[in-house]
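Notes for the one structure printed next.
None of the figures in this text is laboratory data; all of them are computed from the coordinates on show. Just so it is clear, the structure is predicted and the values come from calculations on it, not from any experiment. Every residue, glycine among them, receives a Cβ derived from its backbone with ideal geometry; neighbour counts consider all protein chains shown.
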């Protein structure tokens, strides 16, 4: 993997860059749609490319490991072959899911024992095992196995957890560097900064992660319930320490405003389930503000959902039609809203990129944060 | 509306034709995807055109009347404007739904009183009212208000019901012919043959319908539980009586084999929820036979769903991937399977048309009926 910094904003820490993988190029800053179980929910692969203009998507190791399972993924020749997405993929480590989703789990130094949410069967994730699993899934960018601490989190627990995450990282790196990709293309491992909302821990963790000298670095454990200002403060501290010539990935963030603010802090990569999950609940992010499409006020508004985005779904379908589909619980409602919200997120980071290149990012960002946060 | 007969098969009663409406041309025999509530479930309008190659779709008067409601449809400028489907549309009369879906309904000579399945509110459908509703929805082809008798049905009830359906038809025609379309294009009214599975009633009804001299005619009350052979017998008797120079529409039929057999009996138009409903349950109709995609045997079959159909979903996605999505209850499973099944139905009637034109329909049909009925 190769990362080239292109332009650095003069008033903020925002920057543009190009990330080159064996499955193609990613222009940063970028948003990565979440494709949990080998599918971005309610969206066709063709739509991801042509309408949403996704450059890279996520897969969730926990879900893929349970279903379809590693045997199927390996027989298929990896996740790209299995779901037909031939552009870059990033997989998380499964840590977040086994800590937050799986009901009964036991953590110790070795790893985590958990029960499948599907059939209750017992499984163990270790740092080494999770590297092997992600080798079999075959994503271009894979993540270290970490503990994502909840919010709030006591200082003592946050410190111990961070230290274990660092020891786990050493084991991940050892395993990853002593193995090879299974399908003939390269993979790269991103370590993850933890430390909850404690400045000294975040600094210590960022320094430890930076010292590993990997090709890219991630910031975890944020957007888990803490106030936005706290998230920005932690992110700023961490991006100051993480090397400037490597891509920075802020995991699980966030609202359109969160993303713009964190681009200004020097973050290059984002992912979040919000655009798709909220779409399925009738909440639309648009270039004019936030819409609850269930609201009576849209029932006879026959204007397009958001023509500024320029894709099929956002231009072709009207607000009144989407409202009808949503209140009627039609599947097409989830389809249209999911495409729209993702296309909006990709449009937003694309606009940010253009304004960084043009040199007027700071002014544009201030206006845009207000606009995209307005409730219409 | 204009119907031109093109070719008549020499061994069967199959024929090809062209139906011209103000929203475009329909080549018969044709299958019409069902778009109950202004949406063909799980399918984008663009996919209906480009991948499924639908030439005409259905809307359900009962559902559209309740939601979005006539005020919204009229403000939009009719259903075509509301859902963005600019090719022909046919609406049923709502009769089938108020008799079969609505829990508590009362029939008398005037019409039917029923309660909404959505909010329990009380409504009345009369022949005149249903004409007015379909004028407001604005479909190209609209249907007379009839009683669709269940199976089995006692002779006495079937006769009385048929006679009332005929009196209702007279009222429908009076109302329809004394009103005009609201949106500047033409509409045409198809009457419906009833008579349950009784030969004398079917003959009497077919004669009454034929005598009205409308631009097209429909056969109702079949595919409601009677044996297939009985359906074919009734259809054959009725098509013998209905004028050959008018299109014949067999309502609610059926399996791929049913459709091929009834094309051979001289039917030109079909609709059925089976391809979309069964798709959502993981049942695929393919050019090689019927697939239950949940079956373990497909879990590592990475071949395309059905490349013979030639559209995106059937060619791009593998059986193993679709199986994974189906068992994982992912929305994309319903999307892929719905597109595939509809594309297959349109492919099948398109093939039938080609073979009628080529003069080898009878031989092809015998082979195809066996093939499409095979359980893979």
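Inter-copy label distances at residue B:22, using a point 7 Å along Cα-to-Cβ, come to 6.0 nm with the shortest given first. Partner shielding of B:35-41 amounts to 4, given as the average count of beta-carbon atoms from other chains within 10 Å of each residue beta-carbon. Once the convex hull of all Cα atoms in chain A is built, its volume per residue stands at 130 Å³. Antiparallel beta bridges, as assigned by DSSP with both residues in the protein assembly as shown, represent about 55 percent of the total such bridges.
Expressed per residue, the C-alpha convex hull volume of the protein assembly as shown stands at 162 Å³. Rounded to the nearest 10 degrees, the inclination of helix A:199-211 to the longest alpha-carbon principal axis of chain A is 70 degrees. Its relative contact order, with pairs defined as Cα atoms under 8 Å and 6+ residues apart, puts chain A at 18 percent.
Ranked by how many other Cβ atoms sit within 10 Å of their own Cβ, fewest first, the residues A:240, B:271 fall in the order A:240, B:271.
Label-point spacing for residue A:297 across the identical copies (point 7 Å from Cα in the Cβ direction), in nm and ascending order: 5.7. For the protein assembly as shown, the mean residue ellipticity at 222 nm estimated from helices alone is -13000 deg cm²/dmol, where every DSSP H run of n ≥ 4 contributes -39500 (n - 2.57) and the total is divided by all residues, rounded to the nearest 500. Can you tell me which of A:59, A:186, A:94 moves the most in a GNM of chain A? Springs connect C-alpha atoms under 10 Å apart. Among A:59, A:186, A:94, the largest GNM mean-square fluctuation belongs to A:186. Highest-first packing order for the peptide set B:345-351, B:367-373, B:75-81 is B:345-351, B:75-81, B:367-373, based on the mean count of other beta carbon atoms within 10 Å. With respect to chain A, whose longest principal axis is taken over its alpha-carbon atoms, helix A:228-241 is tilted by about 50°.
Against chain A, whose longest principal axis comes from its Cα atoms, helix A:361-373 is set at around 70 degrees. With the label put 7 angstrom out from Cα along the Cα-to-Cβ vector, residue A:225 ends up 5.4 nm from the copy partners, going from closest to farthest. Contact order, relative form, for segment B:303-360: 27 percent (alpha carbon pairs under 8 Å, 6 or more residues apart, mean separation divided by residue count). Here the label points at residue A:177 and residue B:154, each 7 Å from Cα along the C-beta direction, are separated by 8.8 nm in the simple model.
Kindly provide log₁₀ I(q)/I(0) values, in the same order as q = 0.21 Å⁻¹, from the Debye equation applied to equal alpha-carbon scatterers of segment A:83-207. Once normalised to I(0) and log-transformed, intensities are -1.23. Over the Cα atoms of segment A:1-150, the radius of gyration divided by the Kirkwood radius equals 1.01; this is the Rg/Rh ratio.
Per residue of peptide A:320-328, the mean number of Cβ atoms on other chains within 10 Å of the residue Cβ is 5. Summary of packing: across the peptides A:251-257, B:304-310, the per-residue average of other C-beta atoms within 10 Å ranks them, highest first, as A:251-257, B:304-310. The orientation-averaged projected area of the convex hull spanned by the Cα atoms of segment B:289-356 comes to 4.4 nm². Going by neighbour counts of Cβ atoms within 10 Å, the residues A:163, A:229 line up, fewest first, as A:229, A:163.
Averaged over the residues of A:43-50, the number of partner chain Cβ atoms lying within 10 Å of the residue Cβ comes to 4.
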